[in-house]
Amino acid sequence: MTTAMDHESRYRAVAGRDARFDGWFFTAVRTTGIYCRPSCPARTPKPSNVSFFGTAAGAQAAGYRACRRCRPDAAPGSPEWDVRADVVARAMRLVADGEVERSGVPGLARRLGYSERQLHRLVVGELGVGPLALARAQRAQTARLLIETTDLPMADVAFASGFASIRQFNDTVREVFAATPTELRRRPAPAGGGTPGSLTLRLTARAPYDAAEVLLFLGAHAAPGLEEWDGTTFSRVLDLPHGPGVVALSPAPGGGAVTARLHLAQLRDVGVAVSRCRRMLDLDADPVAVDAVLGTDPALADVVAGAPGRRVPGSPDGPELAVRGVLGQQVSVAGARTLTARLVTAAGVPLAIPVGSLTHAFPRPDALAAADLGAVGLTGSRRATVRALATALADGDVALDPGADRDEAVRALLAVRGIGPWTAALVALRGLADPDVWLPGDLALRRSLAALGSTDAEAATRWRPWRSYAVMHLWALAAPSFFTRPPLP
């Protein structure tokens, strides 16, 4: 699938109600003043009445309101922002992670190394709206989420969504959804009022999506105290801007999506939590584009056909993945889990109240750099690498947030003593969600390639730009227990 679509191609997708394009673009209808996702079941408008926008924010800025039938604001995110590495894509990833809410547009620009004026010009030049409008659209989506899934007072919803005032909240909701906040809350409040800071959401994915497989992979690597896997549900602690939270993820009824049960210290972290869960579960990928490349290669055709839409399970936190990558060097998965659990206990942030077996958030880089790691069980050289990495992360010499320049991040990681090409590539693959990463010298990949009659050198180029997904397919051949459940006796 390509983003270089003309008006006619987009209209054909709308006429065919093609859900594959949901999130890629939005359809605005001049005669109704409404914008929709391409798969909206409403009557197809005439071509002359249709305009297309790359973002919901663009449609809103042009005066269109969200369709209450297809809920375009809840569509999967565009995979374009994960694939691309330019500054606009990096800005979009940071906006989704709440950077504008935390530090404003000046902070977003500083993080990207641009002036506010330069950044605004670049974003508006491509998307038609600036970072503030993009953040406003995200606030509106968060507000609707809280209105419809909680019984919070509207004032609490307003501030939890990031609005500066009740008036701003009311005006934005009416403008975007053509309804008052009270009108959006159509369901009765849950019995007993629910648990403060808790809500249950459905995280949509672009089909096909095998939630059970993604959760199994994450569960197989679960570190006690930080993560938990019960065979169906993967739970973990999230390090969020306003305090640790916990999420429990399980396949949604009906398939193709994930149910997320969130327990947050403060509900204003809900947008960030959702964004990080989506990144961890690779929900916004374009499986059609990936499979179109990998599935036509004779070496991978059968495995791709057997697992259409296979995803790359990631991490909600790049620095955490980097440290865990170092802990996992030259040890088994079980050994890495044990070392991670010890590290979390030694330096992590304890939860005020444990949730089941979950007790700690992963330590932040500054705390890890100063921690006593003698009881973790690391060799002296490995302990020195962890400390050097944590110091580089804390000082800003290595940046692994969603807006990081991926090539620059890999170069910075390689400059840390004890981190080689394999570890740096793993961080790019699962920590930075780079879709085109190859793991040099990976023994499991070499075994799978040999079985397929291919070589490492050939594979390093032939599966561009989706080598990360090829890695997952080859890992599945080498270690199927991480991808498929054993048969019942």
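The values are calculated or read from the model by the stated rules, or taken from the named source; none is laboratory data. This is a predicted model, so every value here is computed, not measured. We place every Cβ from the backbone using ideal geometry, glycine too, and count neighbours over all the protein chains shown. Keep in mind that these areas ignore ligands, DNA and RNA; they rest on the heavy atoms of the full protein, side chains included. Shrake-Rupley method; radii C 1.70, N 1.55, O 1.52, S 1.80 Å.
List the pairs whose first member sits in segment 88-100 and is free of Cβ contacts under 8 Å to residues at least 24 places away in the same chain, whose second member is assigned to a helix (DSSP H, G or I), and whose Cβ atoms are under 9 Å apart, counting only residues at least 6 apart or on separate chains?
A89/E80; A89/W81; A89/D82; A89/V83
Only one of R167, R136 is farther than 21 Å from A75 by Cα, open to solvent by 20 Å² or more (accessible area, probe 1.4 Å) and out of contact with any Lys or Arg (no Cβ under 9 Å at 6 or more places or on another chain); which? Write out each step before concluding.
On the way: R136 fails: farther than 21 Å from A75 by Cα.
Result: R167 is the single residue among R167, R136 that is farther than 21 Å from A75 by Cα, open to solvent by 20 Å² or more (accessible area, probe 1.4 Å) and out of contact with any Lys or Arg (no Cβ under 9 Å at 6 or more places or on another chain).
Please tell me if R268 is over 24 Å from E80 (Cα atoms), assigned to a strand (DSSP E or B) and not acidic (D, E).
Working: over 24 Å from E80 (Cα atoms): yes; assigned to a strand (DSSP E or B): no; not acidic (D, E): yes.
Criteria not met by R268.
Go over the candidates T461, T423 one by one and state the one that is part of a helix (DSSP H, G or I), at negative phi and touching a residue at least 40 places away in the same chain (Cβ under 8 Å).
On the way: T461 fails: touching a residue at least 40 places away in the same chain (Cβ under 8 Å).
That would be T423, the only listed residue that is part of a helix (DSSP H, G or I), at negative phi and touching a residue at least 40 places away in the same chain (Cβ under 8 Å).
Can you pull out the residues in segment 73-89 that are in contact with a helix residue (DSSP H, G or I) (Cβ under 6 Å, 6 or more places away or on another chain) and either closer than 27 Å to T27 by Cβ or surrounded by fewer than 17 Cβ atoms within 10 Å (Cβ to Cβ) (or both)?
In the first step, residues of segment 73-89 are kept if they are in contact with a helix residue (DSSP H, G or I) (Cβ under 6 Å, 6 or more places away or on another chain); the result is 73, 81, 85, 87-89.
Passing the criteria: D73, W81, A85, V88, A89.
Can you find, within segment 458-489, the residue that is modelled with the lowest pLDDT among those that are touching a helix residue (DSSP H, G or I) at 6+ places or on another chain (Cβ under 6 Å) and open to solvent by 40 Å² or more (accessible area, probe 1.4 Å)?
The extreme case among them is F482.
Quick one: D151 ticks every box in (1) assigned to a loop (DSSP other than H, G, I, E, B); (2) under 25 Å from D405 (Cβ atoms); (3) open to solvent by 30 Å² or more (accessible area, probe 1.4 Å) except a single one, so which number is it?
Failed condition: (2).
Name, by its number, the condition in (1) of a type in the set (S, T, N, Q); (2) within 25 Å of V214 (Cβ to Cβ); (3) surrounded by fewer than 17 Cβ atoms within 10 Å (Cβ to Cβ) that does not hold for T455.
(2)
Open to solvent by 10 Å² or more (accessible area, probe 1.4 Å), assigned to a loop (DSSP other than H, G, I, E, B) and hydroxyl-bearing (S, T, Y), is that true of T200?
Numbers: open to solvent by 10 Å² or more (accessible area, probe 1.4 Å): yes; assigned to a loop (DSSP other than H, G, I, E, B): no; hydroxyl-bearing (S, T, Y): yes.
No; evaluated as a whole, the condition is false for this residue.
Hey, can you tell me all the residues within segment 240-268 that are buried (at least 19 other Cβ atoms within 10 Å of the Cβ) and within 17 Å of the chain's Cα centre (by Cα)? Working first, answer last.
Within segment 240-268, the first condition is being buried (at least 19 other Cβ atoms within 10 Å of the Cβ), and the residues that meet it are 240, 244-249, 251, 257-258, 260, 262-264, 267-268.
Once the filter is applied, which keeps residues that are buried (at least 19 other Cβ atoms within 10 Å of the Cβ) and within 17 Å of the chain's Cα centre (by Cα), segment 240-268 yields L240, G245, V246, V247, A248, L249, P251, A257, V258, A260, L262.
Of all residues in segment 5-33, which are outside any helix (DSSP H, G or I) and open to solvent by less than 40 Å² (accessible area, probe 1.4 Å)?
Start the filter on segment 5-33 by keeping residues that are outside any helix (DSSP H, G or I), which leaves 5-6, 16-18, 22-33.
Result: M5, D18, D22, G23, W24, F25, F26, T27, A28, V29, G33.
Specify which of the listed residues (R20, R37) is closer than 22 Å to Y469 by Cβ, in contact with a helix residue (DSSP H, G or I) (Cβ under 6 Å, 6 or more places away or on another chain) and among the charged types (D, E, K, R). Reasoning before the result, please.
Details: R37 fails: closer than 22 Å to Y469 by Cβ.
Result: R20 is the single residue among R20, R37 that is closer than 22 Å to Y469 by Cβ, in contact with a helix residue (DSSP H, G or I) (Cβ under 6 Å, 6 or more places away or on another chain) and among the charged types (D, E, K, R).
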